[in-house]
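Encoded as structure tokens, the structure appears first; notes follow it.
The values are calculated or read from the model by the stated rules, or taken from the named source; none is laboratory data. Source: prediction; values computed, not measured. When we count neighbours, we look across all protein chains shown, and the Cβ atoms used for this are built from the backbone with ideal geometry, even at glycine. Each accessible area value is taken on the protein alone, full model and side chains, heavy atoms only, with ligands, DNA and RNA left out. Shrake-Rupley method; radii C 1.70, N 1.55, O 1.52, S 1.80 Å.
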Amino acid sequence: MSADTRPRLSETIGRQRRSFRVWRGQRPYWAGLLTLLAGIPIMYIPYANLTIGSLTVRMATTAGAGSLIIGVLLVVLGLTMWFQPASRVFAGVAAILLSLVSLVVSNFGAFLIGFLLGLIGGALAVSWAPGKPAPATSAGEDTDGGPQHADGGPGDGFDAFGGGRTAAAGAGGSRGVLDDLSGKSPTNGTNGRHRAG
């Protein structure tokens with residue numbers, strides 16, 4: 001290897017790491033990996049033979065084909081989480097259900113290894129949500145994201161509890177933030193009374 005190829009090699013590896021990091025961040029990567037790893041012991045252990053000296057212990061069950069199907073489905077669901085992130089909730093729920101069924105069918109979920117990996121992977125897939133891009137800051141906002149007056153000071157009408165909406169006039173509080181967090185105040189017209197329909 002010459003001195004000229006080393007910088008190119010390190011640049012290529014760095015670029016591939018960055019692109020893999022971006023790819024990994026756009027999907028439930030760890031959920032898919034754990035679900036994929038859960039399928040391997042579930043489909044392998046019922047067909048394995050354990051040899052201790054001259055004694056051969058066969059771990060096959062009467063439902064060996066069922067454990068093979070469950071293991072293959074878990075591997076497919078793990079790949080689905082990676083390559084079809086939009087169906088992550090379905091894949092996660094299916095992985096949880098298949099892991100629960102593997103307790104009965106496949107030697108206690110391949111000695112609880114495949115069961116726990118599938119359960120955690122499915123739960124991670126269900127709870128994963130895609131990230132939202134950061135909003136672009138305009139000239140009228142400070143670095144905290146709050147609106148500014150013409151003089152450059154922060155705006156007094158920012159409602160911290162309203163998701164960035166400005167508070168109603170006369171809502172109370174030092175910066176226009178509602179003091180009554182229940183949502184029933186004279187400023188929004190409810191006065192503590194509920195309206196029907």
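The table below gives the values:
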{"item": "Residues located in region 25-37, provided they are under 17 Å from Ala91 (Cβ atoms) and assigned to a helix (DSSP H, G or I)", "result": "Tyr29, Trp30, Ala31, Gly32, Leu33, Leu34, Thr35, Leu36, Leu37"}
{"item": "Region 86-135, subset more than 14 Å from Gly71 (Cβ to Cβ) and β-branched (Val, Ile, Thr), residue most open to solvent (accessible area, probe 1.4 Å)", "result": "Val104"}
